[in-house]
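To start, the structure under review is shown below, and the notes come after it.
The values are calculated or read from the model by the stated rules, or taken from the named source; none is laboratory data. It should be emphasised that the depicted structure is a prediction, and the values quoted were computed from it without experimental measurement. Positions of Cβ are generated from backbone atoms using ideal geometry, with glycine treated the same way; all protein chains shown enter the neighbour counts.
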């Protein structure tokens, strides 16, 4: 892989043109770079807030379809808190895009599952968008979407649009962070969607997992549990993909913060298959 | 093919003086606390050449502890790059071997401009170790005490004269600029050099085998309990990481002078620290100290050979001198390789 970026550590100037509230602690930032900025689903950028620092953020928009780069950010740490206080227009810097992309070509002609837990829908959104645009090339497409409570399901408009195009949707709502199935709260009366944790639904649906592909994104516990369940239900470990996250400072495989078991999450990842993860991280 | 010359010892200080006129000269000096440190030279006669390996390591000059990357004010960015021409004199072979590896690391995939611009402007004159220290084990790794390639200029002390070898164009040009100081090499000089190297090689005390340790780890015979035992002796001072010429982790931080104005810099970071992988929301992916130490050793003994075909250790012995808990590379490799059954 040869670098596409001339100055590895120099951010490209950009401007936040719009900020939208998604939930109480999640905001959608629309960023306009000063130069052309090409990106693919699954890649991430390093976002610089001058004087505060730099953080890795995954891109949630689709190149060519959305006018701006969209970033969906939860208020968690120092920089994200500062970001949430910004008012447009605000000057920021972006670097990238970094990382690999979802190997969606492989999944053509097969059943495709997307598992999104909470903010996990963010990196999956451009992928689902691309897949829905080429719907005929895939067999059945299913999105299994989970969140803490019904109010925190992100991108509802997009989901409705995809549903109209023929995407199967299963919604799951989980109280707090408890993962046990008997703790599921059945509160979502508004729509007749199934309620429960993501993996809980899989046992009931009559789908063959043998030749299917799945893309998982969410909190670490959910990723591990989903991967384990899928593999137990017969899905090939090489066709289960997830996007990992880590503390990063450079995004180019130099700073060493995301270096785990011989792999840099920033340059070798962030998208890994279950087979790779198992090889490098016995804990999975 | 390396070009070989002879330099009379009396000419050395004259040569360095000439070089200093053109570029900044860095050499080992004795500090107030009797430590050997690499510093910019003020008086050439103060250069101290009778030492095994300097503390801190050579990486300081290519990858400084704190390096300013760029200034920003109101969204505009000015790159800060160090373009000082430097000659570093009196470096040891282990450090030169480390730089060869660092060049590969910083130069692959995404090129690290800051390292590369410093590297381009730096030329090394290395010195063969006649008297290796008790902590040295470069001989076991093939990274010293005498190098056959990958150096700019290498000197071997033959008593009253140096045998001078060049392996790079940069080094040869430097010699050509001062050609009148160098004389032709004779057959007897080679014989003397061979003798010196042979006697130096016989002086190494540490007999550790990294390959054996690697094989043992790969075979899965070293359990996590071993690393937890090692962790009990770790003070988390980060000394091993800061002194290691091959440790390259860094943190990037911003410092503001006023609102929207300031600079971004990078500083060394250490994977031995708990906060190294800390994520937003106080998530610590590597909270276990044993796991962090395991990561450091795995990086040097497993991942480095997998990726570069060489160990991530050059046998300089700095961690042995620095570590207060005696869990440095040499002792741990020895424990893994030979060990004692009670502990494993």
Query - Complete set of residues in segment A:109-140 that are closer than 27 Å to residue A:23 by Cα and either outside the structural domain of residue A:243 (by TED's automatic domain parsing) or outside any helix (DSSP H, G or I) (or both) - result: A:113, A:114, A:115, A:116, A:117
Report task. Tell me, please, whether a residue that is surrounded by 17 or more Cβ atoms within 10 Å (Cβ to Cβ), under 16 Å from the mean Cα position of the chain (by Cα) and over 19 Å from residue B:38 (Cα atoms) can be found in segment B:151-171. Result -> no
Requested in this report: Only residues that are in a loop (DSSP other than H, G, I, E, B) and within 14 Å of chain A (Cβ to nearest Cβ): list them for segment B:57-71, please.
Outcome: B:62, B:63
Requested in this report: Among what's in segment A:65-83 and is touching a helix residue (DSSP H, G or I) at 6+ places or on another chain (Cβ under 9 Å) and part of a loop (DSSP other than H, G, I, E, B), pick the residue that is farthest from residue A:28 (Cα to Cα).
Outcome: A:65
Report summary line: Only unsatisfied item for residue A:88, checking (1) surrounded by fewer than 15 Cβ atoms within 10 Å (Cβ to Cβ); (2) part of a strand (DSSP E or B), is (2)
Query - Qualifying helices (runs of 4 or more DSSP H) (wholly inside segment B:259-340; at least 3 residues being within 14 Å of another protein chain (Cβ to nearest Cβ), within 24 Å of the chain's Cα centre (by Cα) and buried (at least 18 other Cβ atoms within 10 Å of the Cβ)) - result: B:289-298
**Report entry** Breaking point among (1) more than 25 Å from residue B:223 (Cβ to Cβ); (2) away from chain B (no Cβ under 14 Å); (3) modelled with pLDDT of 85 or more, for residue A:253
**Finding:** (2)
Query raised in the report: Which of the residues belonging to segment B:237-248 are within 8 Å of chain A (Cβ to nearest Cβ) and in contact with a strand residue (DSSP E or B) (Cβ under 7 Å, 6 or more places away or on another chain)?
Result: none
**Report entry** Of all residues making up segment A:259-284, the number that are more than 8 Å from chain B (Cβ to nearest Cβ), assigned to a loop (DSSP other than H, G, I, E, B) and either at pLDDT 85 or above or surrounded by fewer than 23 Cβ atoms within 10 Å (Cβ to Cβ) (or both)
**Finding:** 8
Query raised in the report: Is one or more of the residues making up segment B:38-56 surrounded by 14 or more Cβ atoms within 10 Å (Cβ to Cβ), outside the structural domain of residue B:257 (by TED's automatic domain parsing) and in a helix (DSSP H, G or I)?
Result: yes
**Report entry** Among the candidates B:32, B:60, residue that is over 27 Å from residue B:120 (Cβ atoms) and without any contact (Cβ under 8 Å) to a residue 24 or more places away in the chain
**Finding:** B:32
Report task. From B:147, B:102, grab the single residue that is under 16 Å from the mean Cα position of the chain (by Cα) and at pLDDT 90 or above. Result -> B:102
Query - Search result, residues across segment A:11-50 that are surrounded by 18 or more Cβ atoms within 10 Å (Cβ to Cβ), under 27 Å from residue A:114 (Cβ atoms) and within 13 Å of chain B (Cβ to nearest Cβ) - result: A:46, A:47
**Report entry** So residue B:32, is it more than 14 Å from every other protein chain (Cβ to nearest Cβ) and under 28 Å from residue B:239 (Cβ atoms)
**Finding:** yes
Requested in this report: Of all residues in segment B:35-47, count the ones that are over 26 Å from residue B:116 (Cα atoms) and touching a residue at least 40 places away in the same chain (Cβ under 8 Å).
Outcome: 1
